[in-house]
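Novice: One structure, as structure tokens, below. Some questions next.
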Ligand SMILES: NC(=O)c1ccc[n+]([C@@H]2O[C@H](COP(=O)([O-])OP(=O)(O)OC[C@H]3O[C@@H](n4cnc5c(N)ncnc54)[C@H](OP(=O)(O)O)[C@@H]3O)[C@@H](O)[C@H]2O)c1
């Protein structure tokens with residue numbers, strides 16, 4: 001039985017990923033901040049997919065002191081690990097022009113700092129194991145700094161670059177590191193936002209991501225067509241992006 005540890009998977013895309021892996025008969029250990037949400041998800045997946053084993057570990061990713069103990073607990077509960085997947089993310093919507101330092105810092109803490117800590121612990125563990133896979137849900141939003149939400153963009157750029165470095169570091173040890181860059185996913189993170197297009201339902205995104213991770217793909221967008229959009233966005237000269245760049 002393959003074993004996956006999913007970080008931040010009690011809602012949205014992460015919850016859909018937990019369901020996909022449970023349906024495929026994995027051992028699934030979920031890190032989440034809400035005991036109630038974890039218990040409900042573990043009970044639900046356990047009853048619908050008896051072939052799977054589903055466990056929950058409480059961890060608020062904003063609580064730095066809790067990260068390493070939670071990582072150790074998740075490993076102990078899981079026994080061993082084939083895939084460590086960091087999905088958690090926060091995106092606060094502001095008015096698009098005012099920086100909000102507290103909320104910006106929370107995005108950096110959850111999307112980048114906690115990710116660096118947990119993925120770093122996982123990297124050390126997999127290096128010694130000499131096999132396995134690490135993955136992070138980054139975003140096309142990390143491809144460029146946009147005026148609408150600079151801190152969210154920066155948090156995802158940090159995650160993308162960190163994962164690239166880990167990939168290069170761990171390649172000689174037989175460990176695969178994958179970066180997932182979704183466009184828009186139909187979750188509460190995007191709820192109420194206007195002007196969205198190519199929105200992928202979370203269940204479809206989860207299936208695409210699990211399939212591509214299983215094939216060992218290192219960097220991919222969901223849907224794939226976002227890769228072209230990302231390329232075009234990166235090619236727009238700075239002076240033009242400043243004026244016309246997407247929010
Ligand atoms: N939706 C999109 O369009 C989109 C696009 C590109 C990338 N992404 C990325 O995809 C990932 C999943 O996003 P989503 O759309 O599924 O968002 P979501 O529905 O808001 O789910 C976010 C998940 O992160 C968890 N989380 C947030 N802060 C946490 C904390 N302090 N401690 C523990 N868990 C925490 C949430 O836990 P709770 O259940 O306790 O709230 C939830 O399970 C994120 O990394 C996001 O940046 C999303």
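Novice: Only bridges whose two residues both fall in the chain count here: according to DSSP, what percent of them are antiparallel, nearest 5?
Specialist: Here the antiparallel bridges make up roughly 0 percent for the chain.
Novice: By how many degrees, 0 to 90 and rounded to 10, does the Cα axis of helix 64-78 deviate from the longest principal axis of the chain?
Specialist: The answer is roughly 40 degrees.
Novice: Output the 0 to 90 degree angle, nearest 10, between the alpha-carbon long axis of helix 12-23 and the longest principal axis computed from the alpha carbons of the chain.
Specialist: Taking the Cα atoms of the chain, the angle to 12-23 is about 30 degrees.
Novice: Can I ask one more? If the label point is 7 Å along Cα→Cβ of residue 129, which residues in region 47-87 have backbone nitrogen under 11 Å from it?
Specialist: 75-76, 78-85
Novice: I would also like to ask the following. Note down the relative contact order for region 156-247 as a percent, whole number, built from C-alpha pairs under 8 angstrom at least six residues apart.
Specialist: 27 percent.
Novice: Translational diffusion coefficient, Stokes-Einstein: compute it for the chain using the Kirkwood radius over C-alpha pairs as Rh, at 37 °C and 0.692 mPa s, and state it as an integer in µm² s⁻¹.
Specialist: 179
Novice: Restricting to DSSP H runs of at least four residues, report the calculated mean residue ellipticity at 222 nm for the chain, -39500 (n - 2.57) per run over all residues, nearest 500 deg cm²/dmol.
Specialist: Calculated mean residue ellipticity at 222 nm is -15000 deg cm²/dmol.
Novice: Next question. How would you order 227-240, 68-81, 23-36 from highest to lowest mean count of nearby Cβ atoms within 10 Å?
Specialist: Descending mean neighbour count gives 23-36, 68-81, 227-240.
Novice: By how many degrees, 0 to 90 and rounded to 10, does the Cα axis of helix 35-48 deviate from the longest principal axis of the chain?
Specialist: Its long axis makes an angle of about 70 degrees.
Novice: Hey, another quick one. What percent do you get for the relative contact order of region 3-244 when only Cα pairs under 8 Å and 6+ apart count?
Specialist: Relative CO of region 3-244 lands at 18 percent.
Novice: Moving on. If you split all Cα-Cα distances of region 166-215 into 10 Å bins from zero, what percentages do you get per bin, shortest first?
Specialist: In order of increasing distance, the bins hold 22, 38, 24, 14, 2 percent.
Novice: For region 89-136, with equal point scatterers placed on the C-alpha atoms only and solvent neglected, what are the log10 I(q)/I(0) values from the Debye formula at q = 0.20 1/Å, to two decimals?
Specialist: Debye curve over Cα of region 89-136, log10 I(q)/I(0) at q = 0.20 Å⁻¹: -0.69.
Novice: Here's a follow-up. R0 = 41 Å: FRET efficiency of residue 239 with residue 191, Cβ-based, nearest 0.05?
Specialist: 0.75
All of the numbers you see were taken from the coordinates with simple rules; none came from a lab. Quick caveat: nothing in here was measured; it's all calculated off a predicted structure. Every residue, glycine among them, receives a Cβ derived from its backbone with ideal geometry; neighbour counts consider all protein chains shown.
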